[in-house]
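J.: Handing you a structure now.
The values are calculated or read from the model by the stated rules, or taken from the named source; none is laboratory data. Everything quoted here is computed from the prediction, not taken from an experiment. Positions of Cβ are backbone-derived with ideal geometry, glycine not excepted, and every protein chain shown enters the neighbour counts.
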Amino acid sequence: TVLIIDFGSQVTQLIARRVREAGVYSEIVPFQSAAEGFERLQPKAVILSGGPASTTDIGSPRAPQIVFDSGVPVLGICYGQQVMAEQLGGKVEGGHHREFGRAYMQVDASSPLFDGVWSTGERHQVWMSHGDRVTKLPDGFEVIGSSQNAPLAATADEARKYYAVQFHPEVVHTPDGAKLLSNFVHKIAGLKGDWTMAAYKDQAIAAIREQVGDGRVLCALSGGVDSSVAALLIHEAIGDRLTCVLVDHGLMRMNEAAEVVAMFREHYNLHLVHVDAADTFIGALEGEADPEKKRKTIGRLFIEVFEEEARKLGGADFLAQGTLYPDVIESVSFTGGPSVTIKSHHNVGGLPERMNMQLVEPLRELFKDEVRELGKELGLPDHFIGRHPFPGPGLAIRCPGGVTREKIRILQEADAIYLDEIRKAGLYDAIWQAFAVLLPVQTVGVMGDGRTYEFVCALRAVTSVDGMTADFYHYDMSFLGNTATRIINEVRGINRVVYDVTSKPPGTIEWE
Ligand code: XMP
């Protein structure tokens, strides 16, 4: 085990992720309880994270002395580097040389930290973010690398296996950072890289059992990957003490709710309540054209229906959520910030406070691709795991203008054909998200010898890494032509198809 002591950096989880990628188990422990964490885990190596404090401030956090008394290898990153310097007899000074962003290092490649990664005499890109810097090294330490503004950017006491770096090896802007962390855990700490997602699964299950005890858990299953993986994990941990509720707003893709229900009930034998609330949702949305009001209505109804169901089930002690690590950082870093609401996102956010339940969030440490891997480990089929993202408010926000049952039916059919064509063309995985939108305009057409007056369907497809920015997908025109023909021929109610060539920004991915 590697113990990661968290001093509050925004990117501490990335350290854990890199260590996991190197096939080594790690646990993050906040600095306040690091001494107990050390006792409990008996780690073979320790990494000290970055953090917002300054070691020059009175009362700023330190690592527990046991870390240095135990003789295990230690890597200090940024604030962690300064903590090491202070605690081992060096000196840190407040920043006259603040350094943020890209910097270039020259290193002494004979250090095992750089072994096989960096060479002497070349410049290597790293990411810096600090105000303070170490000005006097503790005894036994030597410089193994420097940048223009940080002459002591990488130092080490090779005999004691202490390493301290000013830059952040865990972020992608330090392109070789993952390899350096791998060197630390493998070559320096001598740990084997045999830890896998299967082991993570077992640990996560044990942690759920410990948290939940003999309590009962409710889970709002949306059919998306995150809530599905969370539900399966909890199911493996506590079996029938988990009840999943699928609030079916009637706004999912064609047949999706039924398929999800069948899979979880039959294949996984999970206790799943399928609430058909389509009338409630669609009834409330009918005639409402304002996108924000639609989103708010769906959010409110979702909570009402879920609460009602929970009451019928006699309540529970815990509420499960498929929160991922990026959700955690986003909600932290945006707190109090001046960001504007572009769209009110729909999730189960307000539920736990209202219902007086504790949260179980078994995916809180993971990134999306790790959740997919964990899903595979739990036996979820590939086509399920690899599905495009789907918004909580569902097809309602792909139906500008008022929603009706008929419009949802038309949209579901067009969307199913579109996705079918994408799969057949082998493009599904190259596209980040693709869907049809039903416009509230009718146009004139001619089919056979007759006049038609029907709706317009817009097709959307984007590439993206995280949904924050996106480019429209550059299809071959013949693909679009064939798909349009199929939709117009097969879907009653659509007589014209257009393609959306807007990127994000300035557009958003969804139309509302
Ligand atoms: P936008 O439209 O803001 O969408 O560019 C970015 C990504 O977020 C998805 N999306 C949502 N997901 N609840 C969700 O869970 C929502 O309310 C919601 N609105 C948009 C959207 O599908 C895209 O992947």
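J.: Condition first: touching a Ser or Thr at 6+ places or on another chain (Cβ under 8 Å), buried (at least 19 other Cβ atoms within 10 Å of the Cβ) and of a type in the set (A, V, I, L, M, F, W, C). Now tell me which residues in the range 353-393 satisfy that.
T.: If the condition is that a residue be touching a Ser or Thr at 6+ places or on another chain (Cβ under 8 Å), buried (at least 19 other Cβ atoms within 10 Å of the Cβ) and of a type in the set (A, V, I, L, M, F, W, C), then Leu363, Leu380 are the ones that fit.
J.: Ala53: crowded, with 17+ Cβ neighbours inside 10 Å and outside any loop (DSSP other than H, G, I, E, B), yes or no?
T.: Taking the combined requirement at face value, the residue does not satisfy it.
J.: How many residues does the range 260-288 hold that are part of a helix (DSSP H, G or I), over 25 Å from the mean Cα position of the chain (by Cα) and closer than 27 Å to Lys407 by Cβ?
T.: Residues that pass the stated criteria total 9.
J.: Specify which of the listed residues (Val497, Val501, Val456) is modelled with pLDDT of 95 or more, surrounded by fewer than 16 Cβ atoms within 10 Å (Cβ to Cβ) and among the β-branched types (Val, Ile, Thr).
T.: It is Val501.
J.: Restricting attention to the range 197-206, does a residue exist that is without any contact (Cβ under 8 Å) to a residue 12 or more places away in the chain and either under 20 Å from the mean Cα position of the chain (by Cα) or within 16 Å of the ligand (Cβ to nearest atom) (or both)?
T.: no
J.: Let me confirm something: among Phe306, Phe302, Phe264, Phe281, which residue is aromatic (Phe, Trp, Tyr) and out of contact with any strand residue (DSSP E or B) (no Cβ under 6 Å at 6 or more places or on another chain)?
T.: Testing whether each residue is aromatic (Phe, Trp, Tyr) and out of contact with any strand residue (DSSP E or B) (no Cβ under 6 Å at 6 or more places or on another chain) leaves just Phe281.
J.: Additional query: Look at Asp139 and say whether it is touching a helix residue (DSSP H, G or I) at 6+ places or on another chain (Cβ under 8 Å) and surrounded by fewer than 22 Cβ atoms within 10 Å (Cβ to Cβ).
T.: No: the conditions fail for Asp139.
J.: Which of (1) within 20 Å of Ile144 (Cβ to Cβ); (2) among the hydrophobic types (A, V, I, L, M, F, W, C); (3) part of a loop (DSSP other than H, G, I, E, B) does Val24 not meet, given it meets every other one?
T.: (1)
J.: Right, next: Looking only at the range 394-409, how many residues end up being surrounded by 21 or more Cβ atoms within 10 Å (Cβ to Cβ) and assigned to a helix (DSSP H, G or I)?
T.: 7
J.: Which of the residues belonging to the range 468-482 are farther than 22 Å from Lys504 by Cβ and touching a helix residue (DSSP H, G or I) at 6+ places or on another chain (Cβ under 9 Å)?
T.: Residue satisfying the conditions is Asn482 alone.
J.: In addition: Whether any residue in the range 145-160 is of a type in the set (D, E, K, R), more than 15 Å from Tyr79 (Cα to Cα) and in contact with a Ser or Thr (Cβ under 9 Å, 6 or more places away or on another chain) is what I want to check. Even if it seems obvious, please write down each step before you answer.
T.: Taking the range 145-160 first, the residues of a type in the set (D, E, K, R) are 157-158, 160.
So of that shortlist, the ones also more than 15 Å from Tyr79 (Cα to Cα) come out as 157-158, 160.
Subset that is in contact with a Ser or Thr (Cβ under 9 Å, 6 or more places away or on another chain): 158.
Yes, some residue in the range 145-160 is of a type in the set (D, E, K, R), more than 15 Å from Tyr79 (Cα to Cα) and in contact with a Ser or Thr (Cβ under 9 Å, 6 or more places away or on another chain).
J.: Have a look at Ala434, Ala396 and point out the one that is under 22 Å from Leu246 (Cα atoms) and either of a type in the set (Asp, Glu) or touching a helix residue (DSSP H, G or I) at 6+ places or on another chain (Cβ under 7 Å) (or both).
T.: Values: Ala434 fails: under 22 Å from Leu246 (Cα atoms).
Within the list Ala434, Ala396, the selection yields Ala396.
J.: Ok, one more. Among residues belonging to the range 1-56 that are touching a strand residue (DSSP E or B) at 6+ places or on another chain (Cβ under 7 Å) and small (Gly, Ala, Ser), point out the one that is farthest from Phe167 (Cα to Cα).
T.: Gly37
J.: Given the condition within 27 Å of the chain's Cα centre (by Cα) and over 18 Å from Phe390 (Cα atoms), answer yes or no: does some residue in the range 455-469 qualify?
T.: no
J.: A further question follows. Yes or no: Ala45 surrounded by 16 or more Cβ atoms within 10 Å (Cβ to Cβ) and closer than 15 Å to His130 by Cα?
T.: The answer is no for Ala45.
J.: Kindly provide the set of residues from the range 115-136 that are over 25 Å from Glu86 (Cβ atoms) and out of contact with any helix residue (DSSP H, G or I) (no Cβ under 6 Å at 6 or more places or on another chain), ordered by number.
T.: Selection gives Gly116, Trp118, Ser119, Thr120, Gly121, Glu122, Arg123, His124, Gln125.
J.: Report, by residue number, each residue of the range 64-115 that is assigned to a strand (DSSP E or B), of a type outside the set (A, V, I, L, M, F, W, C) and crowded, with 19+ Cβ neighbours inside 10 Å.
T.: Gly76, Glu99
J.: Among residues belonging to the range 386-421 that are within 16 Å of the ligand (Cβ to nearest atom) and β-branched (Val, Ile, Thr), point out the one that is farthest from Phe264 (Cα to Cα). It would help to see each step written out before you state the result.
T.: Pass one, the range 386-421, residues within 16 Å of the ligand (Cβ to nearest atom): 386-400, 403, 411, 415, 418-419.
Those left that are additionally β-branched (Val, Ile, Thr): 397, 403.
Working: Ile397: 27, Val403: 29 Å.
So, considering only residues that are within 16 Å of the ligand (Cβ to nearest atom) and β-branched (Val, Ile, Thr), the one farthest from Phe264 (Cα to Cα) is Val403.
J.: Under 6 Å between Cβ atoms, which residue pairs at least 6 apart in sequence (or on different chains) link something in the range 41-61 that is in contact (Cβ under 8 Å) with a residue 12 or more places away in the chain and among the charged types (D, E, K, R) with a partner that is assigned to a loop (DSSP other than H, G, I, E, B) and surrounded by 22 or more Cβ atoms within 10 Å (Cβ to Cβ)?
T.: That search, which allows pairs on different chains as well, returns Lys44/Leu191.
J.: Of all residues in the range 11-62, count the ones that are of a type in the set (Val, Ile, Thr) and either more than 28 Å from the chain's Cα centre (by Cα) or more than 21 Å from Ala178 (Cα to Cα) (or both).
T.: Start the filter on the range 11-62 by keeping residues that are of a type in the set (Val, Ile, Thr), which leaves 11-12, 15, 19, 24, 28-29, 46-47, 55-56, 58.
Retained after the next criterion (residues that are either more than 28 Å from the chain's Cα centre (by Cα) or more than 21 Å from Ala178 (Cα to Cα) (or both)): 55-56, 58.
So the answer is 3.
J.: Return yes when Glu288 is more than 25 Å from Asp240 (Cβ to Cβ), surrounded by fewer than 17 Cβ atoms within 10 Å (Cβ to Cβ), of a type outside the set (Val, Ile, Thr) and in contact (Cβ under 8 Å) with a residue 60 or more places away in the chain and no when it is not.
T.: For Glu288, the condition - more than 25 Å from Asp240 (Cβ to Cβ), surrounded by fewer than 17 Cβ atoms within 10 Å (Cβ to Cβ), of a type outside the set (Val, Ile, Thr) and in contact (Cβ under 8 Å) with a residue 60 or more places away in the chain - is met.
J.: Can you tell me which residue within the range 453-512, out of those that are aromatic (Phe, Trp, Tyr) and within 22 Å of Trp432 (Cα to Cα), is nearest to the ligand (Cβ to nearest atom)?
T.: It comes out as Trp511.
J.: Could you list, in sequence order, the residues of the range 467-512 that are outside any helix (DSSP H, G or I) and under 18 Å from Thr443 (Cβ atoms)?
T.: If we filter the range 467-512 for residues that are outside any helix (DSSP H, G or I), which is where we start, we get 467-476, 491-512.
Val491, Arg492, Gly493, Ile494, Asn495, Arg496, Val497, Val498, Tyr499, Asp500, Trp511, listed by residue number.
J.: Here's another thing I want to ask about it. Test Leu301 against the criterion of being farther than 18 Å from Val245 by Cα and either within 16 Å of the ligand (Cβ to nearest atom) or modelled with pLDDT of 95 or more (or both), and give yes or no. Working first, answer last.
T.: Working: farther than 18 Å from Val245 by Cα: no; either within 16 Å of the ligand (Cβ to nearest atom) or modelled with pLDDT of 95 or more (or both): yes.
No: the conditions fail for Leu301.
J.: Just to be sure I understand the filter: pairs with C-beta atoms under 7 Å, separated by 6 or more residues or on different chains, first member in the range 480-492 and crowded, with 16+ Cβ neighbours inside 10 Å, second member aromatic (Phe, Trp, Tyr). Which pairs pass?
T.: As it stands, the answer is Leu480/Tyr499; Thr483/Tyr418; Ile487/Tyr418, since those pairs meet every condition given.
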